[in-house]
Amino acid sequence: MRTKVTKAIFPVAGLGTRFLPATKSVPKEIMTLVDRPLVQYAIDEARAAGIKEFIFVTSRGKGALEDYFDNAPQLEQELRRKGKTELLELLKSTDMDSGEIAYMRQHRPLGLGHAVWCARRLIGNEPFAVILPDDIIAAEKPCLAQMVEAFAETQGNIVAAMEVPPEKASSYGILDIKEDMGRIVSTKGMVEKPALGEAPSNLAVIGRYILTPKVLQKLNKKRTGAGGEIQLTDAIADARDSGEEVYGFRFEGQRFDCGSKSGYLQATVAFALARDDLRDDLWTFLNDLVHAEKAAQ
Ligand code: G1P
């Protein structure tokens, strides 16, 4: 097995029902934080971690996503004609070389594990990353790059992890901890969306993974789990049961759950406040808002 991680899977087939009616026609992953779609953050993070092949698992109605990473000759021509070189430069961040990006269709919504399995032929016998674009992580060193470094040392499966309040554990995959070594945690199991009070710990899986081909083999079984879906968590746990290591990795950075409205709004504010061109105006606005709210109480 090769040990370098150069391929990443981006499961983007979900219906995005939490953002209806917007997601009736706009793929959730194209929704923007300030002026960049969620998926752009995911691609940038993957690139910064050394990923060379980007595999999207899509579904019906995700055409806008493919267009986003395509050339836009008319738009470029128009910008060139108007001398808008800065905007042309900006567009370059969406350029993908031919053959660098692949789209697989997940024909039926059978779960995250199934979505990853759909990309199996493009992965072959090498370790690969999985990025869930809903989970946005603001970090000095991008989260996946941190994990690639950890993988170079451990060579075992690695899942991003963070502590969540016990009452939230049933929304996540939860790690059963064998040994807590600080940044890295070895595991003796993983449970997808445990019932309230049954979580083995409060260390939750966040949407970044570096996995071995063994996990794809386990997904071949197409076992259904929580919610009647084929779960990635179960396949990783199965790989562990057959002797592979699975580590939790406490990443450095702030995670935003952009799959929820509240997380998405928080990310929007945080990312806008981090921008030189927006900070002052937004800060003044937020301050005024808070003062007005306090005065009204
Ligand atoms: C997925 C995974 C879950 C993980 C979560 C992180 O769940 O199945 O294990 O904890 O992403 O965001 P979802 O949020 O798609 O229900």
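The values are calculated or read from the model by the stated rules, or taken from the named source; none is laboratory data. All values reported here derive from a predicted model rather than from experimental measurement. Positions of Cβ are backbone-derived with ideal geometry, glycine not excepted, and every protein chain shown enters the neighbour counts.
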Touching a strand residue (DSSP E or B) at 6+ places or on another chain (Cβ under 6 Å), within 26 Å of Gln146 (Cα to Cα) and either away from the ligand (no atom under 13 Å from the Cβ) or part of a strand (DSSP E or B) (or both): does that describe Arg255? yes
Criterion (within 16 Å of the ligand (Cβ to nearest atom) and buried (at least 21 other Cβ atoms within 10 Å of the Cβ)) met by exactly one of Leu110, Leu144: Leu144
Ala161 being aliphatic (A, V, I, L, M), more than 21 Å from Asp44 (Cβ to Cβ) and buried (at least 20 other Cβ atoms within 10 Å of the Cβ): yes
Go through the range 171-191 and count every residue that is outside any strand (DSSP E or B) and crowded, with 19+ Cβ neighbours inside 10 Å. 1
From the residues in the range 200-217 that are touching a helix residue (DSSP H, G or I) at 6+ places or on another chain (Cβ under 6 Å) and not polar (S, T, N, Q), which one is nearest to Ala150 (Cα to Cα)? Ile210
Regarding Ala152, is this residue away from the ligand (no atom under 11 Å from the Cβ) and modelled with pLDDT of 95 or more? no
Go over the candidates Ala119, Ala150, Ala102 one by one and state the one that is buried (at least 22 other Cβ atoms within 10 Å of the Cβ) and among the small types (Gly, Ala, Ser). Ala119
State whether one or more residues within the range 196-205 are under 22 Å from Ile9 (Cα atoms), among the hydrophobic types (A, V, I, L, M, F, W, C) and touching a residue at least 24 places away in the same chain (Cβ under 8 Å). yes
Enumeration of residues in the range 225-235 that are in a loop (DSSP other than H, G, I, E, B), near the ligand (Cβ under 10 Å from one of its atoms) and under 12 Å from Ala115 (Cβ atoms): Glu229, Gln231
Consider Lys222 carefully, then state whether it is not hydroxyl-bearing (Ser, Thr, Tyr) and not in a loop (DSSP other than H, G, I, E, B). no
Residues that are within 16 Å of the ligand (Cβ to nearest atom), more than 30 Å from Val215 (Cα to Cα) and either acidic (Asp, Glu) or not in a strand (DSSP E or B) (or both): does the range 269-281 have at least one? no
Among all residue pairs at least 6 apart or on different chains, which show Cβ distances below 7 Å where the first residue, located in the range 11-33, is at positive phi and crowded, with 18+ Cβ neighbours inside 10 Å and the second is in a helix (DSSP H, G or I) and at pLDDT 90 or above? Gly16/Lys28
Pick from Ser186, Ser201, Ser171: which is within 17 Å of the chain's Cα centre (by Cα) and polar (S, T, N, Q)? Ser171
Just a yes or no: is a residue in the range 240-252 in contact with a Pro (Cβ under 9 Å, 6 or more places away or on another chain) and not in a helix (DSSP H, G or I)? no
Going through the range 113-141 in order, the residues found to be within 15 Å of the ligand (Cβ to nearest atom), within 18 Å of Leu216 (Cβ to Cβ) and not aliphatic (A, V, I, L, M) are Gly113, His114, Trp117
Kindly indicate the residue of the range 52-72 that is assigned to a helix (DSSP H, G or I) and of a type outside the set (Ser, Thr, Tyr) and also surrounded by the most Cβ atoms within 10 Å (Cβ to Cβ) among those meeting that condition. Leu65
Quick check, is Ala267 touching a strand residue (DSSP E or B) at 6+ places or on another chain (Cβ under 6 Å) and at pLDDT below 95? no
